[in-house]
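Okay, structure first, notes after.
The values are calculated or read from the model by the stated rules, or taken from the named source; none is laboratory data. Keep in mind that what you see is a predicted model, and the values were worked out from it rather than measured. Cβ coordinates were reconstructed from backbone atoms using ideal geometry, including for glycine residues, and neighbour counts include every protein chain displayed. Areas reflect the complete protein model, heavy atoms only, side chains present, ligands, DNA and RNA absent. Shrake-Rupley method; radii C 1.70, N 1.55, O 1.52, S 1.80 Å.
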Amino acid sequence: MPEWDSWLDSALSTLASSRLLRSARPIALRPVPAAAEEIQTFDGPGPWDRSSVEVELEEETFCEWVSDLPSCGSGRKGQNGNFDWKLVLFSGNDYSGLSTHPSVRKAASKAAEEHGMGPRGSALICGYTNYHKMLESSLAELKKKEDCILCPTGFSANLAFMSALGSITQLNSPKPNDDNKIAIFSDELNHASIIDGIRLVQKQNSAKVFVYRHCDIFHLDLLLSSCKMRRKVVITDSLFSMDGDFAPLIELVELKKKHGFLLAIDDAHATLICGQNGGGAAEQFKCEKQIDICIGTLSKAVGCHGGFIACSKKWKKLIQSRGRSFIFSTSIPVPVAAASLVAIHVGKREKWRRENVWRLVREFRTLTGINITSPIISIVVGNETAALSASRHMLESGFHVTAIRPPTVAPNSCRLRITLSAAHTLDDVRKLVDALLPCIKLNTNQNSVQISRL
């Protein structure tokens, strides 16, 4: 990637000469977070795990929700004919079940007692502390990258990367044209945060955008081959949040050798779930070194809140100086940073969590015959009424499974989106499948339920 290094160096040089290069300087909070050896981990699930997948609704809320949904003619009733308002959660993104882990809770409460929410300000002003710095180092190590930058959310992380990417054109070329603009190649099913980030770059007049068919390497290769622009970037979800399928990372890496593009992935749904150490999709497919930018979130398998961009030190400098959603946002609170730091350590150590998630994936696949490839299960039921009816049946059966409708998905591809967690049991999955039967025909011999590919 010598050309990209050259363009990046030139952009940083322009910022430095104008005294516009920024960096965050950590405020030291005492005492410091607990050392790794002091963090308690466990060899298997405990009672605290169950609370991450069991929820309860107030009677009024439950009844209002159910009354708004069309009925499919069945449902479980509680005593005296009333609905049971305790639900097993199959719609969340806490894939590891870490949000209720004792060590994570202890870290958050201890930090809150000692520091409150911490200094409230953007990272470049006063919101960056030694807690945030340690969390960035932990994430950089997890993703096998030189450095990392924290953002308030995963959404803002994609916006920050994209706005910084577009600034390369502005900093290197006062009068952008097709020869010096950036060509961005984006999977058609990328997350909304990537799409909004791309739109931001387009408004800057810094890029041209090429959308390739979902996971279609041949189409992407054709677009890359036809594009005469020098500065090329390919960005994709690593694990798609609605379809539950993986991007073809191995093929993308091979294509990168041919075309020399910058490769960025949004690893939000794969972090701590994929790979031997929880490093994500790139670790699972053994291509960590070939991924240039790894964007992610702390709100899914990490069980906390926030976003991050794992990258080189040079890219971090550019994002700190030109990533608007990073620059103009308040840093995540210190207790959240403390909890996230512990959650990453626990997630790496407690490998049984990943093993259980993938055991449940295999169980669901065996019971239904649906060839799912991840803990995200997308069952397309067709129109909006059918999806809402199926969702109502699942609620009445004791499962929190919501209907996914436009604008999240295309019309007539409404679906039930089911997610599996390390805190679920085999019995949970078996009961879930039993509850699905009245509204959706499942065939154990063939894939009779469509897994969406919009």
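Taking amide H as placed 1.01 Å from N in the peptide plane, the amide H of ILE182 sits under 5 Å from that of ALA207, LYS208, each at least 5 places away or on another chain.
With respect to the chain, whose longest principal axis is taken over its alpha-carbon atoms, helix 154-172 is tilted by about 20°.
Give me D for the chain in µm² s⁻¹, whole number, from Stokes-Einstein with Rh from the Kirkwood sum over alpha-carbon pairs, 4 °C and 1.567 mPa s.
Working: Rh = 23.1 Å.
Rounded, D is 56 µm²/s.
Rounded, prolate or oblate, given the Cα gyration tensor of the stretch 280-423, with a/c below 1.5 counting as rounded? It is prolate, given that a/c is not under 1.5 and a/b is the larger ratio.
So what's the net charge close to ILE125: Lys and Arg +1, Asp and Glu -1, counting the other residues with Cβ under 13 Å from its Cβ? Counting the neighbours of ILE125, the net charge comes to +3. Amide H to amide H distances under 5 Å link GLU54 with LEU89, where only residues 5 or more positions off or on other chains count and H is placed in the peptide plane.
With a 1.4 Å probe and all protein chains kept in place, how do ASP68, ASP266, ASP221 rank by accessible area, largest first? Please report the intermediate quantities before stating the final value.
Numbers: ASP68 120, ASP266 15, ASP221 40 Å².
Descending order: ASP68, ASP221, ASP266.
Judged by the mean number of other Cβ atoms found within 10 Å, the most tightly packed of the peptides 119-131, 183-195 leads the ranking 183-195, 119-131.
Measuring r between the beta carbons of ASP9 and ARG405 and using R0 = 51 Å, the FRET efficiency lands at 0.65. Take the convex hull of the alpha carbons in the stretch 276-339; its mean projected area over all directions comes to 5.2 nm².
Summing charges over neighbours of ASN180, with a neighbour being any other residue whose Cβ is under 15 Å away from its Cβ, gives +4 when K and R count +1 and D and E count -1. In order along the stretch 10-18, the phi-based Karplus estimate (6.51 cos²θ - 1.76 cosθ + 1.60, θ = phi - 60°) of 3J(HN,Hα) comes to 5, 5, 5, 5, 5, 5, 5, 5, 9 Hz; Gly and Pro are listed as x. In whole Hz, what ³J(HN,Hα) sequence does the stretch 126-131 give by Karplus (6.51, -1.76, 1.60; θ = phi - 60°), x for Gly and Pro? The phi angles translate into 8, x, 9, 10, 5, 5 Hz. The angle between the Cα long axis of helix 313-322 and the longest principal axis of the Cα atoms of the chain comes to about 90 degrees, rounded to the nearest 10. The gain in end-to-end length when the ASP221 to ASN130 segment is fully stretched comes to 28.4 nm, 0.36 nm per residue minus the alpha carbon separation. How many percent of Cα pairs in the stretch 175-238 exceed 20 Å? Here the tail beyond 20 Å accounts for 24 percent of pairs.
Please report the net charge: other residues with Cβ closer than 13 Å to the Cβ of SER391, K and R +1, D and E -1.
Details: positive: ARG392, ARG405, ARG415, ARG417; negative: ASP68, GLU384, GLU396.
Summing Lys/Arg as +1 and Asp/Glu as -1 gives +1.
Once backbone amide H atoms are built at 1.01 Å from N, TYR212 has SER186, ASP187, GLU188 as its partners under 5 Å, excluding neighbours fewer than 5 places away on the same chain. Here the Karplus curve 6.51 cos²θ - 1.76 cosθ + 1.60, taken at θ = phi - 60°, turns the phi angles of the stretch 348-355 into couplings of 6, 6, 8, 5, 4, 5, 5, 4 Hz, with x standing for Gly and Pro. Enumerate the aspartates and glutamates that LYS351 could reach by cross-link, defined here as Cα to Cα under 14 Å, with residues fewer than 8 away along the same chain left out. Hits, sequence-local ones excluded: ASP43.
So how much slack lies between SER137 and GLU114, counting 0.36 nm per residue of separation and subtracting their Cα-Cα distance, in nm? Please list the in-between numbers first.
Details: separation 23, 0.36 × 23 = 8.28 nm, distance 2.23 nm.
Full-extension gain reported as 6.0 nm.
Full extension of the chain between LYS314 and ASP43 yields a length gain of 93.6 nm, computed as 0.36 nm times the residue separation minus the alpha carbon distance.
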